[in-house]
Amino acid sequence: MSVEFEVVIGLEVHAELKTKTKIFCSCPTEFGGEENTHVCPVCLGLPGTLPVLNERVLEFAVRAGVAVDCEIANFSKFDRKNYFYPDLPKAYQISQYDLPICKEGKLEIAVDGEKKIIGITRIHMEEDAGKLLHSGNTITSSHYSLADYNRTGVPLIEIVSEPDMRSPEEARAYMEKLKTILEYIDVSDVKMEQGSLRCDANISLRPVGTSKLGTKAEIKNMNSFKALQKALEYEIERQQEVLEEGGTIVQETRTWDEEKGITVSMRSKEEANDYRYFPDPDLVPIIIEPDWVEEIKNSLPELPDAKRKRLVEKLGLSEYDAGIITESRALAEFFDKTVTLFNEPKTVANWIMGDFMRLLNVESIEVKDSKVTPEKMAALLENQADGKISGKMAKTVFEEMFVTGKTADEIIKEKGLVQISDEGSLGEIVDNIIEANPKSIADYQDGKKKAIGFLVGQIMKETKGQANPGVVNKLLQEKLSQL
């Protein structure tokens, strides 16, 4: 009889903090410098150097903890995590072990409309290691690796979840939600392609109905949502096949091979790693006053869940529309600013999710780099609402705005796009079109109502698309009813 298995997943997410300097020295944290140029004796761990904590790192860690409902420790400390690896010049990493800065948080996700709370065990501060540049596509296919220590000492927070996720989709939703929150509170640039947000996934299978955790595999360093989901999907299949054939899962660390679409074993973890943690003797313990935590809490912006709820309950957007708009802080702020200038939330949402996001994707640019500002979009929508331009014209004008940065009024004037809504002027044109198309009039009178579409088209052609369609239809209906 086949056994049905339950998937158990926990994530360890590493987020680089967007400070200007490293966690314990004044070296820059900017991405992309020439190899081994953003280093100094402190981050390289040369003898006689002493680390000094960057206060912004502590502030950002507390901000993150508060944003995911963690308890903030009034006393925490740094520890040395000892291990030997080429990307770790000191042969130890300064991290936090038994007394982390944050613990016992939670985060709500939604998959297929079903909401679920994922527990967060802890958030701790630590320094990043260097980066190994492999000669091959993956570490397992490389003949040699080079070490770049620019990233050494870049400040990180590690966010450790409870093993509460039961599918790759839930893991992806959790990671996406976490990314959005970190972006909203402005503590990380969350650029996954640059490695500033990445995660390790722990996954195991157990028979449905049992509570004991199965033997887990850890998949290291995934830096895209697609990689996370695909790696977990593959690993579920692999582990299930082993168990169904009567085999046992080996506790090990694996890596995701994007090209082959498989996870590959890196090293066994049959025995628990002995990192020989001990308090870092060069760094004093951290004591935090509750008033400071409260001050940070009060400084946080409106978070994604609260913003989405407001857009639905107060502005009347659908859950779907509000979800799309609040996925990005920049997009949500663009929406809010536009609505303050043009108070039709649904119309603004439609434009943002339609033409605006489409053009951003086509041009591969961020909201902040768009030449269309909330002020310019609001002015365009005012022109459309006032009947100065039609909906079709508005789309033409918007594309021109996006490329040139000009205002709607400038483009309307340059291209002569003002919509004709005057009934007197249009009445004459309608009369002429009726007179010039007796067959269509006869068809209409014979019950062929589609004939009116041809007449509308002729009027739009005559006015070069500038006639107000609503006025044209009204006039046509009135005049045809009198024949």
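Read-outs: derived from the displayed coordinates by stated rules, not from any lab. Keep in mind that what you see is a predicted model, and the values were worked out from it rather than measured. When we count neighbours, we look across all protein chains shown, and the Cβ atoms used for this are built from the backbone with ideal geometry, even at glycine.
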Query raised in the report: Based solely on its DSSP helices, what 222 nm [θ] is calculated for the chain when runs of n ≥ 4 H residues each add -39,500 (n - 2.57) and the sum is averaged over all residues, nearest 500 deg cm²/dmol?
Result: -12000 deg cm²/dmol
Query - Percentage relative contact order, the range 5-291, counting C-alpha pairs under 8 Å, at least six apart - result: 25 percent
Report summary line: Sites removed, the longest contiguous part of the chain containing no DSSP-loop chymotrypsin sites (Phe, Trp or Tyr not before Pro) with at most 11 other Cβ within 10 Å is 145-483
Query - Calculated from backbone phi, Karplus (6.51, -1.76, 1.60) coupling profile of the range 320-331 in Hz, x at Gly/Pro - result: 5, 4, 5, x, 5, 5, 8, 4, 10, 4, 5, 5
**Report entry** Relative contact order (percent, whole number), the range 302-415, Cα cutoff 8 Å, 6+ residue spacing
**Finding:** 20 percent
Requested in this report: Mind putting a number on the dipole of the chain about its Cα centre? Charges go on the C-beta only, +1 for Lys and Arg and -1 for Asp and Glu, and I need it in Debye to the nearest 20.
Outcome: 740 debye
Query raised in the report: If you line up the Cα atoms of the range 5-291 on their principal axes, what length do they span on each, largest first, in Å?
Result: 56, 51, 32
Query raised in the report: Are there cysteines in the chain with no other Cys C-beta under 4.7 Å, and if so, which?
Result: Cys25, Cys27, Cys40, Cys43, Cys199
Report summary line: Under 5 Å from the placed amide H of Glu252, counting only residues 5+ away or on other chains, we find Glu218, Lys269
Query raised in the report: Using +1 on the beta carbon of Lys and Arg, -1 on that of Asp and Glu, and nothing else charged, what's the dipole of the range 301-382 about the Cα centre, debye to 20?
Result: 100 debye
Report summary line: When the charge dipole of the chain is computed with +1 at the Cβ of Lys and Arg and -1 at the Cβ of Asp and Glu, the Cα pointing farthest to the positive end, of Ile296, Ile9, Thr396, is that of Thr396
**Report entry** Cα centroid separation, the range 445-483 to the range 8-76 (Å)
**Finding:** 67 Å
Report task. Sticking to Cα atoms, compute the Rg of the chain to one decimal and its Dmax as the biggest Cα-Cα distance, whole number, in Å. Result -> 30.1, 101
Query raised in the report: Relative to the first principal axis of the alpha-carbon coordinates of the chain, what is the inclination of helix 374-385, with its axis defined by its Cα atoms, in degrees from 0 to 90 and to the nearest 10?
Result: 30 degrees
Report summary line: Taking placed amide H atoms and a strict 5 Å upper bound, the residues 5 or more places from Ile262 or on another chain that come that close are Asp257
Query raised in the report: So how do Thr263, Thr253 line up by other beta-carbon neighbours within 10 Å, fewest first?
Result: Thr253, Thr263
Query raised in the report: What angle, in degrees between 0 and 90 and rounded to the nearest 10, separates the Cα long axis of helix 304-313 from the longest principal axis of the Cα atoms of the chain?
Result: 30 degrees
Query raised in the report: Applying the Karplus parametrisation 6.51 cos²θ - 1.76 cosθ + 1.60 with θ = phi - 60° to the phi angles of the range 335-340, what ³J(HN,Hα) value in whole Hz is obtained for each residue in order, glycine and proline being reported as x?
Result: 4, 4, 5, 5, 5, 5
Query raised in the report: Projected onto the charge dipole of the chain (+1 at Lys/Arg Cβ, -1 at Asp/Glu Cβ, origin at the Cα centre), which of Ser141, Asn361, Thr463 gives the Cα projection farthest towards the positive end?
Result: Thr463
**Report entry** Cα-centred dipole magnitude for the range 353-400, charges only on beta-carbon of K, R (+1) and D, E (-1), debye, nearest 20
**Finding:** 120 debye
Query raised in the report: Loop-only check: which trypsin sites (Lys or Arg not before Pro) in the range 191-238 are DSSP coil with at most 15 other Cβ within 10 angstrom?
Result: Lys191, Lys212
Query raised in the report: For the chain, which span is the longest to avoid every loop-located (per DSSP) member of GluC sites (Glu not before Pro) having at most 12 other Cβ atoms inside 10 Å?
Result: 35-244
Query raised in the report: Relative to the longest principal axis of the chain, what angle (0 to 90°, nearest 10) does the C-alpha long axis of helix 391-404 take?
Result: 50 degrees
Query raised in the report: Hey, how many Å between the Cα centroid of the range 119-195 and the Cα centroid of the range 359-400?
Result: 36 Å
Report summary line: Between the residues Met165, Gln445, Val312, the Cα farthest towards the positive end of the dipole of the chain, that dipole coming from +1 and -1 charges on the beta-carbon of Lys, Arg, Asp and Glu, is from Gln445
Query raised in the report: For Asp128, which sequence-distant residues (separation of 5 or more, or a different chain) have an amide H within less than 5 Å of its own amide H, given hydrogens modelled in the peptide plane?
Result: Gly153, Val154, Leu156
Query raised in the report: Taking N as the number of residues in the range 302-415, what is its Cα Rg relative to 2.2 N^0.38 Å?
Result: 1.04
Report task. Per residue of the range 223-235, in order, report the coupling 6.51 cos²θ - 1.76 cosθ + 1.60 (Karplus, θ = phi - 60°) as ³J(HN,Hα) in whole Hz, putting x for Gly and Pro. Result -> 10, 8, 5, 4, 4, 4, 5, 5, 5, 5, 4, 5, 5
Report summary line: When Cys70, Cys25, Cys102 are ranked with the fewest other C-beta atoms within 10 Å first, the list becomes Cys25, Cys70, Cys102
